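All of the numbers you see were taken from the coordinates with simple rules; none came from a lab. None of these values were measured; they are calculated from a predicted model. So basically every Cβ, Gly included, is an ideal-geometry build from the backbone, and we count neighbours across all protein chains shown.
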Amino acid sequence: MTAHRTAYERHAPDPRLVAESLASSEQAVFWLDDVGAAPAYDPLTASTRADLTVVGGGYLGLWTAVHAKRRDPGRRVVLLEAQTVGWAASGRNGGFCDASLTHGEDNGRARWPEEYDVLARLGADNLDAFEADVRELGLACEWERTGALSVAVEEHQVDWLQDAPDVLDREQVRTRIDSPLFLGGAFEPDTSALVHPARLALGLARAAVDLGVEVHEHSAVTGLRRESGAVQVATARAVVTSDHVVLATGVHPSLLRRNRLMTVPVYDYVLVTEPLSTEQLASIGWAGREGLGDLANQFHYARLTADDRILWGGYDAVYPAGGRVHVRHEDRPESHARLASHFLATFPQLEGVRFTHRWAGAIDTSTQFAAFYGTTHGGRVAHAAGFTGLGVGATRFAADVLLDLLAGQPTERTELRMVRKRPLPFPPEPLASAGINLTRWSLDRADHREGRRNVFLQALDRAGLGFDS
C-alpha cells in the first residue's frame, strides 16, 4: 500500500510563517507563569512521627492527603515534595479532566471487558465528585464542564466515528470549530472538563493545609525502611516514622525496585498562543469552548484558556534515550516547529498569531496505558503510577483506591481486576528503546497508510500491549 501525506502535511504552511509564529515564544510553562509567585512550604528539617506520609506533591499525592484528612480529621498527615508543589506533570499538562479511568473506552473494553461498565460508572461518578470538590474546597482552578469534541482529519477516520453516539458531519463539526481539515466528528458533552493545571495543584495544596496536612517542599525522599511495625521515610535532613506511606512520584524513578520497569517517561510537547482577538476567535467559532482532539494515532489536543489563548499539543511522543527524565529533553525545536506547522494547517485563518510559550513534560506511561496499583512493606506502603496522560481526573479516584488498600478493607474499588492485577513491565534497556521507538515508527506509518496497522502493531494488539489512541 502506497504511503500518503497526512492532512497536516498536505496543508503545511510556508516554513517562514512557522518560524515567525515561534520567534517570540519563551521556553516556559504557561500555567506556571500564569499563577505568578506561589506559596512556599518549608523543607522538613527535623525528624517526626506521622500516621500517614505522602511522597509526592502532584495531583495524586495532594488528593491522597486531602482525602485522608477528610476521612479522619485526627490523622496526622505529612506530605513530602522533592521540589515544589505541582512543578512536574501536574503543573504542565493540557488541563483536560476526563471521566475515563482506562484511557478511553476501546482500551478499557479490550483489557477489562468483564468490568468495563463498572469502571465507566466509577469514572463518571469520580468526575461528578471532582466537580463537587471544586466547589466545596474552593479550588479556583478555572473549572469548565465543556465536554469533548473528537474530529476526523482523514477520510478513513470518518469511518471510525460510525459507532459514536453523536456523530457530526463535516458541516456540523465546522459549525462548532471551523477548520478546513475537519471532515467529521463526535461530541461527548458530559465526559470531560477543563481546568487550569497549576491552579488546581496549588488549590489542592492550600486545601490540604487548611485541613491540617503538613506540607514540606524541597524534601526529596531518599529511601524507605520497615522498622518496628512502622515505615521510616528518609530525607537528606530528617526521617518521618509512619504507620502508612503513599508513594505518588509519577514518572520519576520509583522508590520501590520492583516498580522501576513498570513505567517509562514519554515526553509530550505543547504550545500556547497569545490571547486571540474577538475577530480571531470569531473566525474559528469555538463558542462551546469544548476540549478538542483528533483521531490519528499520533494525535493532537487543543483547548481555549480562560483568556482565550489556544493551547495546542501532542503528536510527537518522544522516549528519551536510556529512559531518563531530564530537563534537556524539554527543549526540542523540531517538535515545537512541527506543532506550529500543524496548528497553522488546522487554522489558516489565524495566520499571524504568535506563540508565547513552548514547553514539554514527561508522561508516566505503563504497558496498559492506565494506572496500576499495589502495596508493599506488609501492606503499610501503597503506590500507584502509569496514568499515561489522563491523570488529572484519574488521580482523584486513585487516591481513594490507595487509602482503601491501606485500610485493609475490601471495597468496590479494591476488588477491581484493574487494581488487583499488575500489568507487564517494560523490558530493560536497550530493549525498551528499540521496542518503544519501533512502536512510534509503526504508529506514524499507520497514520500515513489510512490507519492500517503493520504486523508489529498487530502482534502488540494480540499480546495486550497495543494502543489505539
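Structure data summary
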{"read-out": "Cα-centre dipole for the chain with unit charges at Cβ (Lys and Arg positive, Asp and Glu negative), debye to 20", "value": "1880 debye"}
{"read-out": "Packing rank of 57-66, 197-206, where each peptide gets the mean count of other beta carbons within 10 Å, highest leading", "value": "57-66, 197-206"}
{"read-out": "Calculated FRET value between ARG226 and SER283, using beta carbons and R₀ = 51 Å, to 0.05", "value": "0.25"}
{"read-out": "Sequence of ASP331, ASP444 once ranked by neighbouring C-beta atoms within 10 Å, starting from the fewest", "value": "ASP331, ASP444"}
{"read-out": "Gain upon complete extension [ASP159, ARG445; 0.36 nm per residue less C-alpha separation]", "value": "101.1 nm"}
{"read-out": "Radius ratio Rg over Rh of the range 1-150, counting only Cα atoms, Kirkwood formula for Rh", "value": "1.07"}
{"read-out": "Per-q log10 I(q)/I(0), the range 324-446, q = 0.10, 0.20 Å⁻¹ (Debye; single scatterer per alpha-carbon; no solvent)", "value": "-0.51, -1.19"}
{"read-out": "Alpha-carbon Rg with Dmax, taken over the chain, Å", "value": "21.9, 68"}
{"read-out": "Equivalent ellipsoid dimensions for the range 28-94 as semi-axes, Å, which come from the Cα gyration tensor, largest first", "value": "25, 14, 10"}
{"read-out": "Cut-off 12 Å between beta-carbons: net charge of the residues surrounding LEU183, Lys and Arg +1, Asp and Glu -1", "value": "-4"}
{"read-out": "Cut-off 9 Å between beta-carbons: net charge of the residues surrounding GLY285, Lys and Arg +1, Asp and Glu -1", "value": "+1"}
{"read-out": "Ranked list, fewest to most other Cβ atoms within 10 Å of each Cβ, for ARG76, ARG109, ARG71", "value": "ARG71, ARG109, ARG76"}
{"read-out": "Amide H partners (placed H, <5 Å) of ALA220, local residues excluded", "value": "ALA236"}
{"read-out": "Ranking of GLU26, GLU154 by count of other Cβ atoms within 10 Å, fewest first", "value": "GLU26, GLU154"}
